[in-house]
């Protein structure tokens with residue numbers, strides 16, 4: 001089964017989005033996880049028309065399944 005990195009992003013009253021990306025191996029490198037987090041911040045800010053400094057990062061997790069529910073986005 002494929003493993004994914006997941007992390008939610010939010011800002012104030014805006015809708016939270018949980019981002020996910022397939023990881024390259026069982027233990028993603030710091031560079032890989034850092035790029036994923038930055039890509040999620042960039043996308044959330046652009047999607048909502050806000051500055052990146054206004055984005056609140058949720059907890060990063062690796063070795064997860066594809067998150068279920070609404071407001072998820074693969075990047």
Query raised in the report: How many residues are part of a strand (DSSP E or B) and closer than 17 Å to residue 49 by Cα when one looks only at the range 9-23?
Result: 7
Report task. Count, please, the residues in the range 24-60 that happen to be in contact with a helix residue (DSSP H, G or I) (Cβ under 9 Å, 6 or more places away or on another chain) and either farther than 20 Å from residue 72 by Cβ or at pLDDT below 95 (or both). Result -> 7
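On the basis of being at pLDDT below 95 and more than 14 Å from residue 8 (Cβ to Cβ), does residue 65 make the cut?
Numbers: at pLDDT below 95: yes; more than 14 Å from residue 8 (Cβ to Cβ): yes.
Judged against the criteria, residue 65 is a match.
Could you list all residues from the range 24-70 that are surrounded by 11 or more Cβ atoms within 10 Å (Cβ to Cβ) and in a loop (DSSP other than H, G, I, E, B)?
Filtering the range 24-70 down to residues surrounded by 11 or more Cβ atoms within 10 Å (Cβ to Cβ) leaves 24, 27-29, 32-45, 47-48, 50, 52, 54-58, 60-67.
The answer is 24, 27, 28, 29, 50, 55, 58, 60, 65, 66, 67.
The values are calculated or read from the model by the stated rules, or taken from the named source; none is laboratory data. All of these numbers come straight from a predicted model, not from anything done at the bench. All Cβ positions, glycine included, derive from the backbone under ideal geometry; neighbour counts span all protein chains shown.
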